[in-house]
Amino acid sequence: MPRLIAPSKDESALLPPFLELPEHAIHLPQSEAEFEAAFKAMNAEPVLGFDTESKPIFNIGQQDNGPHLVQLATASQVWLLQLHRPMALEVSRMVLAAEHICKVGFGLDNDKHSLPRRLGAPLINIQDLDSRFKRLGYGPSVGVRAAAALVLQQSFRKSKRTTTSNWAATELSPAQRRYAANDAHAPVVIYAHLPAWESTIPVLPRRGPRGPRS
């Protein structure tokens, strides 16, 4: 059975741009009151978009002590939690271990291995949306860009320069904040639109058991 083909980067670029959150909806908590407000808001949600960022490693033997940033988002706001802050670690730990909150994202295999070590707690109720697209007949790693093109009919762009920037920095640049916010916001928006989009996709026939060879 041939796989379904996701839109290419060039094809996605022809679509209208992804609808980003306004700047005032991107929260970077620093004070105790801000962390408490962030946890209260996230803990009330059934679903959050989820991603992480780590300082890139360029040299062989260089120690990887990431992730350095956890991003969690609703459809209307996002929180960027810098893990060098003790309260950010605590809030991340509580939200990512909360059974009643489904955390959705793309390409989460590495996070499932590295983040529990960083937080000292398990990740519970995590859904990698790549697996959802795979069940529909796409490849194993559709990714957020192609998923946004398929489900939202929008172009999701990522700056390679920002991807490889220093995510362990004490102060994040405006470009880093926007990039990180989009990476968590897009999955929760895609997740909300998935049921309606999936209803338009033909169901692929299941491959039956092979008969005995002659």
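You will find that of A88, A75, A98, the residue that is without any contact (Cβ under 8 Å) to a residue 60 or more places away in the chain and in a loop (DSSP other than H, G, I, E, B) is A98 and no other. When Q176 is tested against (1) among the polar types (S, T, N, Q); (2) at pLDDT 95 or above; (3) touching a helix residue (DSSP H, G or I) at 6+ places or on another chain (Cβ under 7 Å); (4) over 19 Å from I26 (Cβ atoms), exactly one condition is not met: (4).
In the range 8-34, the residues that are basic (K, R) reach residues that are open to solvent by less than 100 Å² (accessible area, probe 1.4 Å) with C-beta atoms within less than 7 angstrom, at least six apart or across chains, in these pairs: K9/R145.
Residue-wise test of (1) open to solvent by 60 Å² or more (accessible area, probe 1.4 Å); (2) not hydroxyl-bearing (S, T, Y).
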residue: K134; (1), (2): yes, yes
residue: S141; (1), (2): yes, no
residue: L150; (1), (2): no, yes
residue: Q153; (1), (2): yes, yes
residue: T164; (1), (2): yes, no
residue: A168; (1), (2): no, yes
residue: S173; (1), (2): no, no
residue: P195; (1), (2): yes, yes
residue: I201; (1), (2): no, yes
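When A146 is tested against (1) touching a residue at least 12 places away in the same chain (Cβ under 8 Å); (2) within 15 Å of the chain's Cα centre (by Cα); (3) open to solvent by 10 Å² or more (accessible area, probe 1.4 Å), only condition (3) is not met.
Scanning the range 155-182 for residues that are out of contact with any Phe, Trp or Tyr (no Cβ under 6 Å at 6 or more places or on another chain), outside any helix (DSSP H, G or I), in contact (Cβ under 8 Å) with a residue 40 or more places away in the chain and of a type outside the set (G, A, S) yields R157, T164, N166, W167, T170, L172.
Under the condition of being of a type in the set (S, T, N, Q), closer than 21 Å to V70 by Cβ and outside any helix (DSSP H, G or I), the residues counted in the range 108-154 number 2.
Restricting the range 15-45 to residues that are among the aromatic types (F, W, Y) and assigned to a helix (DSSP H, G or I), the residue that is least open to solvent (accessible area, probe 1.4 Å) is F35.
The values are calculated or read from the model by the stated rules, or taken from the named source; none is laboratory data. In this text the structure is predicted, and so the values were computed from the model without any measurement. Cβ atoms come from the backbone with ideal geometry, glycine included; neighbour counts cover every protein chain shown. Surface areas here come from the heavy atoms of the whole protein model, side chains and all, with no ligands, DNA or RNA. Shrake-Rupley method; radii C 1.70, N 1.55, O 1.52, S 1.80 Å.
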